[in-house]
1. Can you give me the % of accessible surface on the chain that is carbon or sulfur? Probe 1.4 Å, all protein chains present, nothing else counted.
2. Report the trypsin sites (Lys or Arg not before Pro) located in the range 61-91 that are in a DSSP loop and have at most 16 other Cβ atoms inside 10 Å of their Cβ, or state none.
3. Can you tell me, using C-alpha contacts under 8 Å and at least 6 residues apart, the relative contact order of the chain as a whole percent?
4. Which angle from 0 to 90°, rounded to the nearest 10, does the C-alpha axis of helix 56-69 make with the longest principal axis of the chain?
5. What are the GluC sites (Glu not before Pro) within the range 1-41 that DSSP puts in a loop, where the Cβ has at most 14 other Cβ atoms within 10 Å?
6. Hey, got a sec? Which chymotrypsin sites (Phe, Trp or Tyr not before Pro) in the range 1-87 land in a DSSP loop and have at most 16 other Cβ atoms within 10 Å?
7. Taking only protein heavy atoms into account and a 1.4 Å probe, give the accessible area per residue of the range 1-91 in Å².
8. Find the percent of Cα-Cα distances in the chain that exceed 20 Å, and round it to a whole number.
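The values are calculated or read from the model by the stated rules, or taken from the named source; none is laboratory data. Predicted model only: the values in this text are computed from it and were never measured. Because the Cβ atoms are built from the backbone with ideal geometry, glycine has one as well, and the counts that use them run over all protein chains shown. Only protein heavy atoms, including side chains, enter the accessible area calculation; ligands, DNA and RNA are left aside. Shrake-Rupley method; radii C 1.70, N 1.55, O 1.52, S 1.80 Å.
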Amino acid sequence: MSQLTQCASYLNVRIEKAELTVQGEFDQRGKFGLADVPSACKRFTYQLDLQSPEKEERVVKLLAFMERSCYATNTLRQPVEVVPRLLLNGREVAVNQDR
């Protein structure tokens, strides 16, 4: 929601009320290794419910601007390297990165 407020302020789009719902779809069997399926989300869906006195075109422009500038959304849209590190009692321990 902070992205919304920042972008709305930047574009001078008035928002009276905003509610965001996010859903992730995943196969829970993968969480505990109960099936040979990934333990990751397959899809995220979000719904942004806005109330605004602005014209529809300005709000659509706001959403497009938010989409382009949101590092979290853009990171989720493409694979990114994840590097685990473990410190145990102040000493780094080698972590097996094989899946």
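1. 50
2. Answer by residue number: Arg77, Arg85.
3. Value for the chain: 24 percent.
4. Taking the Cα atoms of the chain, the angle to 56-69 is about 30 degrees.
5. Values: sites: Glu16, Glu19, Glu25; in loops: Glu16.
Passing sites in the range 1-41 are Glu16.
6. Sparse-neighbourhood loop chymotrypsin sites (Phe, Trp or Tyr not before Pro): Phe26, Phe32.
7. Working: 7810 Å² over 91 residues.
Solvent-accessible surface per residue comes out at 86 Å².
8. Above the 20 Å cut-off, the chain has 58 percent of its Cα pairs.
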